[in-house]
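The values are calculated or read from the model by the stated rules, or taken from the named source; none is laboratory data. Just so it is clear, the structure is predicted and the values come from calculations on it, not from any experiment. Here Cβ is always computed from backbone atoms with ideal geometry, including for glycine, and neighbour counts include all displayed protein chains. When the accessible area is computed, the model is the full protein with side chains, heavy atoms only, and any ligands, DNA or RNA have been set aside. Shrake-Rupley method; radii C 1.70, N 1.55, O 1.52, S 1.80 Å.
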Amino acid sequence: MVNPIGDTKRAENTSGKERQKSITDREIQNRCPSDFMEQVTRLRELAKDAQYYRVVVEILYTTGIRISELSAMKKEDINWSERSIVITKGKRKKSRIVLFTRECGEQLSRYLKGREDDMPNVFVNTTGKGPICHRTVQKKLAEYGDQLGMKITPHTLRHTFASHLAMKGMLLSCIQVLLGHEEMQHTQLYARLYDHARKETYDQFM
């Protein structure tokens with residue numbers, strides 16, 4: 001198998017400190033099964049009759065966001081024309097932009113149109129009076145995992161997202177931008193990296 005990371009060292013002039021923060025090929029192999037695409041397909045099929053969780057699975061997988069970011073996501077954070085979401089309350093309160101596929105957008109739009117509450121959160125709990133509960137999602141994914149004979153967590157889907165893009169050849173630095181792993185204090189650096197992960201490029205990978 002071709003190295004999913006590719007010739008990242010030649011493509012990026014990365015410092016030693018930054019390399020230590022990088023997602024390594026070994027980490028991807030350890031955290032995600034080699035047939036992850038088949039398993040994602042099976043997971044989607046299993047969740048297809050439960051719209052709420054079908055959308056949750058799609059968002060977690062196609063954006064790579066954390067469960068805490070899913071819970072904090074607001075409707076106003078979604079840019080439908082660009083198929084992007086501003087993640088404003090990520091780890092260490094960093095902000096970034098993530099992208100979603102057309103299929104994910106269709107699923108998300110149907111879900112939101114069917115909502116009857118006036119909560120600003122994209123995902124709400126079973127009472128419709130608060131944000132989605134981390135434990136509820138974790139428990140449901142664990143149930144799906146038991147049915148499929150594998151372990152599934154929000155973090156599993158996050159690493160599957162990264163593995164998918166890496167194996168399709170996206171630059172590691174771009175994946176890190178989408179995951180929010182790097183400190184992007186310099187606007188020019190952020191713009192240069194994000195340009196590689198713009199919507200058109202993302203579409204060909206996902």
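Applying the selection to region 110-123, what residues are more than 19 Å from residue 64 (Cα to Cα) and either of a type outside the set (Phe, Trp, Tyr) or modelled with pLDDT under 90 (or both)?
110, 112, 113, 114, 115, 116, 117, 118, 119, 120
Would you confirm, using the coordinates I've provided, whether residue 60 is modelled with pLDDT of 95 or more, farther than 17 Å from residue 155 by Cα and buried (at least 19 other Cβ atoms within 10 Å of the Cβ)?
Against the criterion (modelled with pLDDT of 95 or more, farther than 17 Å from residue 155 by Cα and buried (at least 19 other Cβ atoms within 10 Å of the Cβ)), residue 60 does not qualify.
Name the one entry in 160, 156 that is in contact with a Cys (Cβ under 7 Å, 6 or more places away or on another chain), buried (at least 18 other Cβ atoms within 10 Å of the Cβ) and among the β-branched types (Val, Ile, Thr).
Result of the check over 160, 156: 160.
Could you tell me whether any residue of region 136-143 is open to solvent by 10 Å² or more (accessible area, probe 1.4 Å) and in contact (Cβ under 8 Å) with a residue 24 or more places away in the chain?
Checked against the condition, which is being open to solvent by 10 Å² or more (accessible area, probe 1.4 Å) and in contact (Cβ under 8 Å) with a residue 24 or more places away in the chain, region 136-143 yields at least one hit.
Criterion first (modelled with pLDDT of 90 or more, surrounded by 16 or more Cβ atoms within 10 Å (Cβ to Cβ) and polar (S, T, N, Q)) does residue 107 satisfy it?
Yes, satisfied.
Quick one: is residue 181 assigned to a loop (DSSP other than H, G, I, E, B), closer than 16 Å to residue 63 by Cβ and either modelled with pLDDT under 90 or within 13 Å of the chain's Cα centre (by Cα) (or both)?
Here the answer is yes, as residue 181 does meet what is asked.
Please work out if residue 48 is open to solvent by less than 60 Å² (accessible area, probe 1.4 Å), over 12 Å from the mean Cα position of the chain (by Cα) and over 12 Å from residue 99 (Cβ atoms).
Here the answer is no, as residue 48 does not meet what is asked.
Each row is one residue, and each column tells you yes or no for (1) of a type outside the set (D, E, K, R); (2) under 17 Å from the mean Cα position of the chain (by Cα).
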{"site": "70", "(1), (2)": "yes, yes"}
{"site": "77", "(1), (2)": "no, yes"}
{"site": "84", "(1), (2)": "yes, yes"}
{"site": "106", "(1), (2)": "no, yes"}
{"site": "113", "(1), (2)": "no, no"}
{"site": "117", "(1), (2)": "no, no"}
{"site": "129", "(1), (2)": "no, no"}
{"site": "141", "(1), (2)": "yes, yes"}
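Within the set of pairs 6+ apart or on separate chains, which have a first residue in region 148-167 that is charged (D, E, K, R), a second that is part of a helix (DSSP H, G or I), and C-beta atoms under 7 Å apart?
151/145; 158/60
Matching residues to (1) at pLDDT 90 or above; (2) more than 17 Å from residue 62 (Cβ to Cβ); (3) part of a loop (DSSP other than H, G, I, E, B); (4) of a type outside the set (A, V, I, L, M, F, W, C):
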| position | (1), (2), (3), (4) |
| --- | --- |
| 126 | no, yes, yes, yes |
| 140 | yes, yes, no, yes |
| 146 | yes, yes, no, yes |
| 150 | no, yes, yes, no |
| 164 | no, no, no, yes |
| 173 | no, yes, no, yes |
| 188 | no, yes, no, yes |
| 191 | no, yes, no, no |
